[in-house]
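I have a structure I would like to understand better, so I am pasting it below and will then ask my questions one at a time.
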Amino acid sequence: MKWQIFRRPLYVENKIMKNETSSLLLWLTAIMLTACSPSKEDKTKEVGASAVPSSASSASSQPDLNPIASNSNSVKQVEGAPSSNCTNLHQIGGIDDFVRQVAENIDSSCLFERSPKELAAIWGIPGGDDPLEQALFPDIDPNDPKNVDKVIEAIDQMGKGERSYNQQAVEPVVQEMKALRRRDTLVLSTGKQTSQGSDQPLRVTHNFDIEGTPEYLKKHGGGFGGSFQNISQLPEYLKAHGKIFEAQRVFRLFNHDRSPDKPYLEIVFDESGKIVSITVYENVSNPASGIHLM
């Protein structure tokens, strides 16, 4: 079985680092580029992201997001409601609202029938695309199945001086990264992973994460706040339909028919129970693992 994971986290701090080689290299490349700028040597102290959403400016008119607690009525609605095929998506009021909307649509593939950028716009938050990669490597198609390999190769070539970049294209993106870090908001980041068995076709799994800017995390004790600060605070509708795996420090909510070809929600927490990541996967990347049946 061959595995390859490529995620585009906006902020690598406060995250559990996985095998995200290409994403980390891209982040380091951003630092390298700003450090090499002849008149702005101090930029590396402020840049800590591998992607800045071009939608940040369009979302700036929206109020910054703070967690809101789920009330009992909304919990009951989520628990008993069938999938709405994403017709109920709307601007979120905080982390609780975001997770509730995901849970309402977990039985449908509709969350991945829209582009991440479109989802971010609907939810009224920045994110959903990766303009840094686009600025650095305009010749690499982000939808190419070999995109990850090509990005890694391109970064390696840049390190060896065999590939150049357009400083005028990269500089505005870096400035947007700095501006976004100062906002108090949730952000949508994206990624994908591929797997392939010995006699199986290549399987691609896209995913999106909800993350907080440094300012957001600072206001909420380094976490998401609301009902998603600690795993012990999970709303009852999630506990009733999902499962906490203490040994793996993960909670998963699958679709009702347990299909490996439909989305699922994964919440990772640390040894203290603090929630450190919230991710929605397009499908089970390795159905043979049987995690959807646990």
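Ranked by accessible surface with a 1.4 Å probe, highest first, in what order do D149, D199 come? If you can, show how the numbers build up before the last one.
Values: D149 80, D199 135 Å².
So the residues, ranked largest to smallest area, are D199, D149.
Put H256, H90 in order of accessible area, largest first, 1.4 Å probe: what do you get?
Details: H256 135, H90 85 Å².
So, going from the largest accessible area down, we get H256, H90.
Cα centroids of the stretch 154-201 and the stretch 226-250: how far apart, whole angstrom?
Taking the Cα centre of the stretch 226-250 as reference, the centre of the stretch 154-201 is 31 Å away.
Taking 1 over the mean of 1/r across every pair of different Cα atoms in the stretch 160-294, what Kirkwood radius in Å do you get? Present the calculation step by step, with values, prior to reporting the outcome.
Numbers: mean 1/r = 0.0575 Å⁻¹.
The Cα-based Kirkwood calculation yields 17.4 Å.
Would you please put 94-105, 200-211, 134-145 in order of how densely packed they are, using the mean number of other Cβ atoms within 10 angstrom per residue and starting with the highest?
94-105, 200-211, 134-145
Then there's this: Once you put a point 7 Å from the Cα of C110 and another 7 Å from the Cα of Q134, both along the Cβ direction, what distance in nm separates them?
The modelled label-to-label distance comes out at 2.6 nm.
Run the reach check for K239 against aspartates and glutamates, Cα to Cα strictly under 16 Å, same-chain hits fewer than 8 apart removed. What comes back?
Counting by Cα, and skipping residues close in sequence, K239 has these aspartates and glutamates nearby: E79, D96, E104, E266.
Using per-residue counts of other Cβ atoms within 10 Å, averaged over each peptide, order 279-290, 117-128 from highest down.
117-128, 279-290
OK, next. When N is the residue count of the stretch 112-222, what does its C-alpha Rg come to as a fraction of 2.2 N^0.38 Å? Write down the numbers at each step before the final one.
Working: Rg = 16.5 Å, N = 111, 2.2 N^0.38 = 13.2 Å.
Relative to the 2.2 N^0.38 Å estimate, the stretch 112-222 comes out at 1.26.
Name the shape class, rounded, prolate or oblate, that the alpha-carbon gyration tensor gives for the stretch 89-173, where a ≥ b ≥ c are the square roots of its eigenvalues, rounded holds for a/c under 1.5, and otherwise prolate holds if a/b is larger than b/c and oblate otherwise. Provide the component values of the computation, followed by the final result.
Working: a/c = 3.55, a/b = 2.17, b/c = 1.63.
Prolate.
Given the stretch 196-261 reduced to its alpha-carbon atoms as identical point scatterers, what log10 I(q)/I(0) does the Debye formula return at q = 0.16, 0.17, 0.20, 0.27 Å⁻¹?
Scattering profile of the stretch 196-261, log10 relative to I(0): -0.80, -0.86, -1.02, -1.21.
Any number yet on Rg/Rh for the stretch 181-231, C-alpha, Kirkwood? The partial results should precede the final answer.
Working: Rg = 16.4 Å, Rh = 13.2 Å.
Here the Rg-to-Rh quotient is 1.24.
Can you give the three extents of the C-alpha atoms in the stretch 241-294 along their principal axes, from longest to shortest, in whole Å?
32, 21, 18
The values are calculated or read from the model by the stated rules, or taken from the named source; none is laboratory data. Keep in mind the model is a prediction, meaning the values are calculated, not measured. As a convention, Cβ positions derive from the backbone with ideal geometry for all residues, glycine included, and neighbour counts pool all protein chains shown. These accessible areas exclude ligands, DNA and RNA; they are computed on the full protein's heavy atoms, side chains included. Shrake-Rupley method; radii C 1.70, N 1.55, O 1.52, S 1.80 Å.
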